[in-house]
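**Student:** Before we start, here is the structure in question, set down as structure tokens.
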Amino acid sequence: MYKLFQIRLTDAEVDQVNETGHDSVPKQKLRLDLQFDKGDFSTLVAEGFDKGYYRHVANITAYDLEDVFRIGNCGPESAINRLLPMHSVSVGDVVEDSDGTKHLVAGVGFKKVDIKVFA
């Protein structure tokens, strides 16, 4: 089983982004920095967890990280235990394996998060 963590915006934050731009909402800026590979990803992920931006949204039963990505985008739904609303697995999300190691969903594949983060 793998834990899926995502950064989700509230309706008010979405409104703020639409009115004043992406950088006006710190967690949206962090999410975009991860998506566009700006800065040290391990530090950015740690910051996201420290500030409470990441939420544990689901547990996914899968064979490996690639299978988590496939299931999180294509199903089957029976392999996903949703804890909170979630979007499809995408760049900037974090997947934690059974050993507690966190992996960032990257533009291509996954990157192991090298510093300890807490959830």
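The values are calculated or read from the model by the stated rules, or taken from the named source; none is laboratory data. These numbers were taken from a predicted model, which means no experiment stands behind them. Every residue, glycine among them, receives a Cβ derived from its backbone with ideal geometry; neighbour counts consider all protein chains shown. Areas reflect the complete protein model, heavy atoms only, side chains present, ligands, DNA and RNA absent. Shrake-Rupley method; radii C 1.70, N 1.55, O 1.52, S 1.80 Å.
**Student:** Seen from all sides and averaged, what is the projected area of the convex hull of the Cα atoms in the chain, in nm²? Intermediate results must be reported in sequence, preceding the final value.
**Tutor:** On the way: hull surface 28.1 nm².
If I average the Cα hull's projected area over directions, I get 7.0 nm².
**Student:** Rounded to the nearest 0.05, what FRET efficiency do Tyr63 and Asp15 give with R0 = 30 Å and r taken as the Cβ-Cβ distance? Could you check?
**Tutor:** 0.15
**Student:** What does the charge dipole of the chain about its Cα centre add up to, to the nearest 20 debye, if the Cβ of each Lys and Arg holds +1 and the Cβ of each Asp and Glu holds -1?
**Tutor:** 140 debye
**Student:** Additional query: Tell me, what is the per residue accessible area of the chain in Å², probe radius 1.4 Å?
**Tutor:** Roughly 56 Å² per residue, with all protein chains present.
**Student:** Can you return the aspartates and glutamates within cross-link range of Lys102? Criterion is Cα-Cα under 16 Å, with same-chain partners fewer than 8 residues away left out.
**Tutor:** Asp40, Glu47, Asp50, Asp64, Glu66, Asp67, Asp93, Asp114
**Student:** Please sort 64-72, 18-26, 100-108 by packing, taking for each peptide the average over its residues of neighbouring beta carbons within 10 angstrom, highest first.
**Tutor:** By packing density, highest mean first, the sequence is 64-72, 100-108, 18-26.
**Student:** If packing is taken as the average count of other Cβ atoms within 10 Å, what order do 39-48, 83-92 fall into, highest mean first?
**Tutor:** Per-residue mean Cβ counts within 10 Å order the peptides as 39-48, 83-92.
**Student:** Tell me the carbon and sulfur percent of the accessible area for the range 1-72, rounded to whole percent, probe radius 1.4 Å.
**Tutor:** Carbon and sulfur: 48 percent of the exposed surface of the range 1-72.
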